[in-house]
Amino acid sequence: MLDLLPDLCDEHEDKVEILEPLFNDYGAARTFWGKVATVRCSEDNSKVRELVATPGTGKVLVVDGGGTVRRALMGDQLAALAIENGWAGVVINGAIRDAGAIADMALGVKALATCPMKTEKHGAGEVNIPVNFAGVTINPGDYLYADINGILVSQEALTHYSF
């Protein structure tokens, strides 16, 4: 379903928050949703790698890279690892690389931009903490829904909707 978000907004207007429309679609899965896990990191994707290497089981990883696009927080290798471990999607307040390869991968990927430069690896970052960007605070355990219309977050699963 390409237009999931308009229907969710119509049915659950009082339960959802919409992220500002800053993000581009990069993955082949243009519609994705799931329970949120969060990472905050700056130009170091060590914690992103750690999380996508764990069972995602339909979850969405939300990465707050502080909006910097000087280094890519995800490339094709981490996207492949996310798919292998069952993650539904990744939303990155920052950049990705290997956009051509990621475009063919069955993973939802939204990010601000692309950048060919890889990150430093120092193990820096924080996991499963509230993050705030694009006008919304996103907490671990929230539910994120994304399609070509944008991204929304809800504190509860919008389960009665027929996916």
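A short reminder: the numbers here are calculations on the coordinates, not readings from a lab. Every value quoted in this text rests on a predicted model; they were computed, and no experiment measured them. Glycine also receives a Cβ, built like all others from the backbone with ideal geometry; neighbour counts cover every protein chain displayed.
Of note:
- Local net charge near PHE32, Cβ-Cβ under 11 Å (Lys/Arg +1, Asp/Glu -1): +1
- Gyration tensor (alpha-carbon) shape descriptor, the chain, a/c threshold 1.5: prolate
- Peptides ranked, highest mean first, by Cβ atoms within 10 Å: ranges 94-106, 28-40: 28-40, 94-106
- Total formal charge among the other residues, if their Cβ is under 15 angstrom from that of ASN139, Lys/Arg +1 and Asp/Glu -1: -1
- Residue-averaged 222 nm ellipticity for the chain, from DSSP H runs of 4+ at -39500 (n - 2.57), nearest 500: -4500 deg cm²/dmol
- All-pairs alpha carbon distance profile, the stretch 1-77, 5 Å steps from 0, percent: 3, 11, 19, 25, 20, 13, 8, 2
- Extension gain, THR137 to GLU156, is 5.4 nm, computed as 0.36 nm per intervening residue step minus the present C-alpha separation.
- Net charge of the neighbourhood of SER42, taken over other residues with C-beta under 11 Å away and scored Lys/Arg +1, Asp/Glu -1, is -1.
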